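Notes for the one structure printed next.
What follows is calculated from the coordinates using simple rules that are stated; it is not laboratory data. Since the structure is predicted, the reported quantities are computational estimates derived from the model, not experimental observations. When we count neighbours, we look across all protein chains shown, and the Cβ atoms used for this are built from the backbone with ideal geometry, even at glycine.
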Amino acid sequence: MSGLKLRRIDLTANNSAAQIAKLRDQFRTDAEVVSAASKKKTQAVFGEPLTAARAVERICTEVRDKGFSAVQHYTEVFDGVKLKADQLRVKPAELAEAHAAVGGDFLEVVRQVRYNVMQFQSGLLQQDAEMRVSGKHELQVRFRPLKRVGVYCPGGAAAYPSTLLMTACPAQVAGVEQIVVCMPPTPTGAYNREMLATCHELGITEVYRVGGAQAVAAMAYGIENMKPVDMIVGPGNQYVALAKKYVFGQVAIDCIAGPSEVVVLADDSAHPDYVALDLIAQAEHSPGVAVLVTWYPPLIEEVHNALVKRLAKLSRADLARDSLERYGALVLAPSKQAAIDCTNALAPEHLHVQTRDPDALLEEIDSAGAVFLGPFTPVAVGDYAAGPSHVLPTGGTARFASGLNVNDFRKRTSVLRFTRKGLQEIAGDVVFMANKEGLTGHAASVELRANDNGPAARPKPKPDKVPAVATAGKK
């Protein structure tokens, strides 16, 4: 482990801007973050070396056109599972059996996390709003929940009950009536007892054994015995992310999530071991981006040494080490402001501020999916239990995107009502703009109504007389 080769970037160097850009661009949504094994599998399936994006397009198109038969085919060739039609959906009895079989300690934690998430998300609910100008007009904004939401839960390397909690619970707070869960047909996916038990605990009854891009396409377009959804949320590998990108427009999505990221912004008060473990925690996702940005020079070497020490004790050390060497960095800034500027440029999914006065730095941070302040707020508390969803923007998209929350599961609708007097007051502006744009029909639709000499409202029709009912009787 002493040979850990972790890139170092000095922001005073002439090529530092290019190095930071390269670091940031590794996980753009259009970057090819695909393992050699996945590339080999793709070539074997399609008979040619397709890019991930092209392979996803083929999968989604076939699922849209052929339905379950395409899902069945891609589940067999990618997951090695021959899925029969009656095996697609997890039976209610299986959910109940899994729930009864898991330990009480597991369910107790699930219930506590659910409570934390739902309490926090309930406080974020936006309320209907209204503005009235007496006798003239009323303007409203109203919110209504989506009817049907699909949750994708990965199940390749591990089982992730936290993903269920961080996606389904905000949807439930929003009032979504139907939540669909898709998981790969693996021991860490739809055959995992804890995952099925969590679904049952959350009251989710529609669970399907299908993963990858084919699961995303099935939820978006619908297949036999699976109705399409209105929105798809949840993380996954690059094929899943690109599938969500492909079906966007057919359905809403949360974001195009790439590999997990953390930037630790630290000064001389930071504990090297704390920083090292924060970096390892993201790197062990493999791939995962883990970056230290500091203006305290000794911390660079201290954290490097702590990484070597801590990696020697972890079960996923090889995976974390590979991610650190490929995607990690130790960045030395010449000043605090330069460190802040670098952090904003990276726009990370997770930002952990370990400085003497993290609140002061927070005011200058404008691009991060979630910010963790102080030495006792590791990213893991947000991943698992705190309350905000752990579904966050990655790949530098935090400069314009936000993390998932309850309001993403609700539609916002404007409602307008004008009286003739109100219309008359605004008519001049509307007619002027409509004519300016050459849309004379728009102008006429307003002028006619605003004109006092225009057609009067039709009188209400008189109710029809109810015909007498003939009754039989003696003459």
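Can you give the angle from 0 to 90° between the axis of helix 317-327 and the longest principal axis of the chain, with both taken from C-alpha atoms, to the nearest 10?
Approximately 70 degrees, to the nearest ten.
Output wanted: per-residue J couplings in Hz (rounded whole) for region 74-87, from phi through Karplus 6.51 cos²θ - 1.76 cosθ + 1.60, θ = phi - 60°, x for Gly and Pro.
6, 5, 6, 7, 9, 9, x, 10, 8, 8, 7, 4, 7, 9
Could you tell me which of Asn15, Ile179, Leu351 has its Cα farthest along the dipole of the chain towards the positive end, charges placed at Cβ (Lys, Arg +1; Asp, Glu -1), taken about the Cα centre?
Result: Ile179, furthest along the dipole toward the positive end.
Can you sort Asp105, Asp10, Asp268, Asp408 from fewest to most other Cβ atoms within 10 Å of each residue's own Cβ?
On the way: Asp105 8, Asp10 16, Asp268 12, Asp408 21.
Exposure proxy ranking, most exposed first: Asp105, Asp268, Asp10, Asp408.
Distance in nm between label sites at Tyr384 and Thr440, each 7 Å beyond Cα in the beta-carbon direction?
7.0
Kindly put Val430, Val216, Val251 in sequence by how many other C-beta atoms sit within 10 Å of each C-beta, fewest to most.
Details: Val430 16, Val216 32, Val251 20.
Going from sparsest to densest Cβ surroundings: Val430, Val251, Val216.
Taking Cα pairs under 8 Å and at least six residues apart, what relative contact order does region 129-197 come out at, in percent? Intermediate values should be presented prior to the final figure.
Numbers: 90 pairs, mean separation 23.4, N = 69.
Normalised by residue count, the contact order of region 129-197 is 34 percent.
Here are labelled values, (1) 25.5, 92; (2) 21.2, 71; (3) 28.0, 114, and one is the computed Rg and Dmax of the Cα atoms in Å for what I pasted. Which one?
Read-out from the structure maps to (3).
Counting only C-alpha contacts under 8 Å and six or more residues apart, can you give the relative contact order of the chain as a whole percent? Mind showing how you got there, number by number?
Values: 886 pairs, mean separation 88.6, N = 475.
The normalised contact order for the chain reaches 19 percent.
Starting from the 7 Å offset along Cα-to-Cβ, what nm value, one decimal, do you get for the label separation of Phe248 and Glu325?
Each label point lies 7 Å from its Cα, and together they span 3.4 nm.
How large is the convex hull of the Cα atoms of region 334-433 per residue, expressed in Å³ as a whole number? Before the final figure, lay out the partial values.
On the way: hull volume 19.5 nm³, N = 100.
For region 334-433, the hull spanned by Cα atoms encloses 195 Å³ per residue.
As I understand it, the value is the acute angle between the Cα axis of helix 92-101 and the longest principal axis of the Cα atoms of the chain; what does it come to in degrees, rounded to 10?
The angle comes out at about 40 degrees.
On average over all directions, what projected area in square nanometres does region 408-450 have, based on the convex hull of its Cα atoms?
Numbers: hull surface 16.6 nm².
Convex hull of Cα atoms, orientation-averaged projection: 4.2 nm².
If I take R0 = 25 Å and measure r between the Cβ atoms of Lys5 and Arg356 in this structure, what FRET efficiency does the formula 1/(1 + (r/R0)^6) give, to the nearest 0.05? Write out the running numbers ahead of the final one.
Details: r = 31 Å, r/R0 = 1.25.
About 0.20, to the nearest 0.05.
Compute the length gained on full extension between Ala53 and Glu97: take 0.36 nm times their separation in residues and subtract their Cα-Cα distance, giving the result in nm to one decimal.
Values: separation 44, 0.36 × 44 = 15.84 nm, distance 3.89 nm.
Extra length from Ala53 to Glu97 when fully extended: 11.9 nm.
Quick check: the angle from helix 297-311's long axis to the longest principal axis of the chain, C-alpha only, nearest 10 degrees?
90
Could you check the spin-label model distance between Gln112 and Glu364? Points 7 Å from the Cα along Cα→Cβ, value in nm.
3.8
Sort 230-239, 320-329, 369-378, 164-173 for me by packing, meaning the mean count of neighbouring Cβ atoms within 10 Å per residue, highest on top. Present the calculation step by step, with values, prior to reporting the outcome.
Numbers: 230-239: 24.1, 320-329: 21.5, 369-378: 17.8, 164-173: 25.7.
Final packing ranking: 164-173, 230-239, 320-329, 369-378.
Determine, for Leu319, Leu202, the number of other Cβ atoms within 10 Å of each Cβ, and report the residues in order from fewest to most. Mind showing how you got there, number by number?
Values: Leu319 17, Leu202 21.
So the ranking, lowest neighbour count to highest, is Leu319, Leu202.
Taking region 89-139 as the region of interest, what is the percent of Cα-Cα pairs per 5 angstrom bin, listed from the shortest bin to the one with the maximum distance?
4, 14, 11, 11, 12, 10, 9, 6, 5, 5, 6, 5, 1
Taking R0 as 60 Å, what's the FRET efficiency between Gln126 and Val308 from their Cβ-Cβ distance, rounded to 0.05? The partial results should precede the final answer.
Numbers: r = 48 Å, r/R0 = 0.80.
My answer for the efficiency is 0.80.
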